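This report refers to the structure that appears directly beneath it.
What follows draws every value from the coordinates through simple rules; no lab data is involved. Please read these numbers as outputs of a predicted model, since none were measured by experiment. Positions of Cβ are backbone-derived with ideal geometry, glycine not excepted, and every protein chain shown enters the neighbour counts.
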There are 2 protein chains.
Amino acid sequence: MANQNLTSAIAGAGNAVDLLRNSRSGIYVYPVVAPEFSNWRSEQKAWRDTAVLFDQSHHMDELIVEGPDAEAFLAYVGINGFKNFDLNRAKHFVPVTPAGHVIGDMIIFREREDKFVLVGRQPTANWTKFQASIGKWNVRLHHDPRSDSRPEGERVLRTHYRFQIQGPDADKIFTELNGGPVPEIKFFCVDWINIGSRKVQALRHGMAGAPGLEIWGPYKDKDYILSTILEAAEKVGVDLRRVGSRAYSTNTLESGWIPSPLPGIYTGDGMMAEYRDWLGADAYEAVGSIGGSYVSPNIEDYYTNPFELGYGFYIGWKKDDFIGKDALTKLKDAPSNRKKVTFEWNPEDVMKVIQSNFEDGVPYKWIDFPQPNYASSSADMVMNGDKMVGMSMFNGYSYNERRVLSLGVVSQDVQVGDVLTLKWGESDETQKTSTEKHRQADIRVRVSDTPYAREARENYADSWRTKG
Amino acid sequence: MANQNLTSAIAGAGNAVDLLRNSRSGIYVYPVVAPEFSNWRSEQKAWRDTAVLFDQSHHMDELIVEGPDAEAFLAYVGINGFKNFDLNRAKHFVPVTPAGHVIGDMIIFREREDKFVLVGRQPTANWTKFQASIGKWNVRLHHDPRSDSRPEGERVLRTHYRFQIQGPDADKIFTELNGGPVPEIKFFCVDWINIGSRKVQALRHGMAGAPGLEIWGPYKDKDYILSTILEAAEKVGVDLRRVGSRAYSTNTLESGWIPSPLPGIYTGDGMMAEYRDWLGADAYEAVGSIGGSYVSPNIEDYYTNPFELGYGFYIGWKKDDFIGKDALTKLKDAPSNRKKVTFEWNPEDVMKVIQSNFEDGVPYKWIDFPQPNYASSSADMVMNGDKMVGMSMFNGYSYNERRVLSLGVVSQDVQVGDVLTLKWGESDETQKTSTEKHRQADIRVRVSDTPYAREARENYADSWRTKG
């Protein structure tokens, strides 16, 4: 009776859309890390004004790929060019299906000539494991899944701790930690720095739009590294804020990365059907959820391709072959490709939604602050009149911008400055536990660049009339 | 240099008010339990409409008091009458200072003739330990403090698990668990019931205003008990919702208990001065915080007495002696005593506060949903014009009532239905990490009965004009 794999889970639910829209796995949480260390407003403000410490030790899967064929294998699985991928570099690794649909993304580090570490959401790790299992690659894989979402007091262990220090004052802390200026590390490059008695690897990154470094090492060193960082910040007088799980996920609104595309793996024959048999019924792809106003019977309508998410320039066209190469060749410059934008939500309309929770009757879907998402993948319809022209995929309130923002994709003809309408809330009642009974609201959204620039708002300050 | 006890902590800060208003210990959290299991709106709704499971294993201290003098000792420390305190009964145990100020409260169970278990916030446990240490009582004490506020993946263990099942459908679950109707247990009485293969103690309670039972036992049984309860609920078709830490603390708004009176221990000579020397610098009383608009140089202005909190009828006047008896005798029926009420916050004014977080400049103090409190003890001024006539002490949004509510005390001349003004936010900047920079807002509040009755609102539906 119990589902054994994704194939039988889909069959049990009737189809993939119904399976995912009725998932009872709850909100996709950032586990283990405290909800707030100070308060989420000050934590958001700190990544813009001073410095923040992100504890990324728990919410991502890690996949280690090593062996003589590691590089060739990964270059075949991902779309990315692998030229110049030396030990001092990281990449934003993106695999697609043979049809060219994005499966997910992970950050990939090269630790040795024959050893790579991938860090991110589970779909990319699962797909990579599957490819290793069906191919004839001389590779060894080790998968360390993310921490339990609700450990309820049980101990949680990972392979690595992973911290980021970001913000305008981050370098003061690193200089103190390193006992002198840190090496000049270019964006997405890696070097070694000192933290107390440890030498640790550091990646130049900029998650919240501000520069910073990501460091990692054995999990057993976590407490030592943490206290050394906090002491260094205090010594140099930087108001370093630890960021809790409530603020954490909203940093992406300001940097423009969409963390949650639906993996395009629910359709397709041959290898794709085999993959759905291979995926367990407890995999992310089987227990994850789709939330939002967009209800299509065709699961492919929720997919994206790399051009739409802004990953077109990653593609290693010169590679002999990689999964999806033919499909991407055809999709390149296709007029049907959407483009990534930021939606700025109209404050009056947001207030209307909140206000309904002070009235009797069925309210509009609650907008939780600072993170309204209620599913592992979100798809809210973005309308121009009666026509759907886009899909909102990840939202959040930014105290820095004083706005609810969301990231998503729109048709090519939509322009920055256009005012469209986002349908907020679901038109039917699903089995999702993460949402209360609600009615649907229209929220005006202004199309803005990604990463979101406040200037966009200011340039269009008088224009909440629909222009789209 | 480091503070060793409360006395030196107060001296270091200059005075007790400055110490507590500038505490950097952060929000007083409900630790370990997941923030949400489904979503906080549905979790709140379930305690009114179906049934909820509260996991109370982590947020309260436990103090075991046993020995030949246990009863006499506790009857001396608390104000409560101890007549009829048999093994089948629990009490709401309240100690006061010699001056009659409330220190705190715990639920006290009698496990054996000579063994009591006290459960609640730390101040009552600390005071009871201190009394044992300075008196000549033949008692043994064991103190199990609440779980760490931010365990960050480390394992958390307690002496006991503690669950409550509450709500209109709770009895269906208990009947299934017990293999037949549970014994008729009167309010605050205790009996034994079956849960799977275990016999457990059950207290009749009603935290969210709905009837239910609290059960407890050895912590190692927690997983077994939890899964047995969840299976039973499923079997009888009850939509039992586990309540997460975000919704949990708001249940008290509907039942009318104030969890967080400031312990009245910062003043007084003799035994009180000795107590402040005894209390460590890491005790609740030293690291806790005062939040809110009420700023008085005199810490005693934040205190309450038992009559004000509705605990006058607990007092065991016939007892030969107990701490505070003389003071309470004088305070009884004093016209200066305030009375406990519920404040219903004006939705328009709440919206005005939220709205300011969509504007540039310094916003009003954020009202976090569903739990806006940002300190271990809250004190917001409640004004009638320029005159302070009350103090709001614990707040929260109730999805059931569609209102922000708070509990507090007002002068005797304030009447139900009066519309007063609550000052929301602090007039100065403190060192508290739990609040962002903000300005102060006026929020109209209507005085309502406690427990809050929706009828009060409906009877005064047209009356948001100031009537106080």
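Rounded to the nearest 20 Debye, what is the dipole magnitude of the range B:143-233 about its Cα centre when Lys and Arg each give +1 and Asp and Glu each give -1 at the C-beta?
I would put it at about 220 debye.
How big is the dipole moment of the protein assembly as shown about its Cα centre under a simple scheme where the beta carbon of each Lys and Arg is +1, that of each Asp and Glu is -1, and everything else is neutral? Debye, nearest 20, please.
Dipole size: approximately 100 debye.
Under the convention of a label 7 Å out along Cα→Cβ, give the distances in nm from A:D321 to the same position in every other copy, shortest first.
Shortest to longest, the spacings are 9.4 nm.
For an R0 of 35 angstrom, estimate the FRET efficiency from the Cβ-Cβ distance between B:E152 and A:S133 and round to the nearest 0.05.
0.50
Once amide H atoms are built 1.01 Å from N in the peptide plane, which residues 5 or more positions from B:L422, or in another chain, come under 5 Å H to H?
Placed amide hydrogens put B:M383, B:I443, B:R444, B:V445 under 5 Å from B:L422.
Using the beta-carbon distance between B:D321 and B:E300 and R0 = 22 Å, what value does 1/(1 + (r/R0)^6) give for FRET efficiency, to the nearest 0.05?
0.35
Taking each label point as 7 Å beyond Cα in the direction of the beta carbon, state the distances from B:K136 to the same residue in the other copies, shortest first, in nm.
Result, one decimal in nm: 9.2.
Counting partner chain Cβ atoms within 10 Å of every residue's Cβ in B:425-436, what's the average?
For this peptide, the per-residue mean of nearby foreign Cβ atoms is 2.
Summing -39500 (n - 2.57) over the DSSP H runs of n ≥ 4 in the protein assembly as shown and dividing by its residue number, what mean residue ellipticity at 222 nm do you reach, to the nearest 500 deg cm²/dmol?
It lands at -6500 deg cm²/dmol.
Which value results when the Cα radius of gyration for the range A:105-155 is divided by 2.2 N^0.38 Å?
Normalised Rg, Cα atoms only: 1.37.
Would you kindly state how much longer the chain becomes between B:R140 and B:D386 on full extension, computed as 0.36 nm times their sequence separation minus their alpha carbon distance, in nm to one decimal?
83.4 nm
With a 10 Å radius around each residue's Cβ, average the other Cβ atoms per peptide and rank B:251-257, B:356-362, highest first.
So the peptides B:251-257, B:356-362, ranked by packing, come out B:251-257, B:356-362.
Label-to-label distances across copies for B:E274, with labels 7 Å out along Cα→Cβ, in nm, shortest first?
8.1
Averaged across B:345-355, how many Cβ atoms of other chains sit within 10 Å of each residue's Cβ atom?
Other-chain Cβ atoms within 10 Å of each residue's Cβ, averaged: 3.
Quick one: check the C-alpha center-to-center distance for the range A:423-449 versus the range A:302-357, whole angstrom.
20 Å
Could you give the distance between the Cα centres of the range B:159-190 and the range B:90-121, to the whole Å?
23 Å
Nearest-5 percent of antiparallel DSSP beta bridges in the protein assembly as shown?
Bridges in the protein assembly as shown that DSSP calls antiparallel: roughly 90 percent.
Mind checking the full-extension length gain between A:T175 and A:D191? Use 0.36 nm per residue of separation minus the Cα-Cα distance, one decimal, nm.
So the extension gain works out to 4.4 nm.
Given R₀ = 41 Å, FRET efficiency for A:R198-B:N22 by Cβ-Cβ distance, to 0.05?
Calculated value: 0.75.
Of all the Cα-Cα pairs you can form in the protein assembly as shown, what percent are over 45 Å apart?
When every Cα pair of the protein assembly as shown is considered, 32 percent fall beyond 45 Å.
What is the magnitude of the charge dipole of the range B:339-458 about its Cα centre, with +1 placed on the Cβ of each Lys and Arg, -1 on the Cβ of each Asp and Glu, and no other charges, expressed in debye to the nearest 20?
It comes to approximately 220 debye.
For the rotation taking chain B to chain A, which residue of B has the Cβ nearest the axis, and how many Å away is it?
B:R155, 2
Tell me, what HN-Hα J-couplings in whole Hz come from the Karplus equation 6.51 cos²θ - 1.76 cosθ + 1.60 at θ = phi - 60° for each residue of the range B:440-452, using x for Gly and Pro?
Values, residue by residue: 8, 10, 9, 10, 5, 10, 9, 6, 10, 5, 10, x, 4 Hz.
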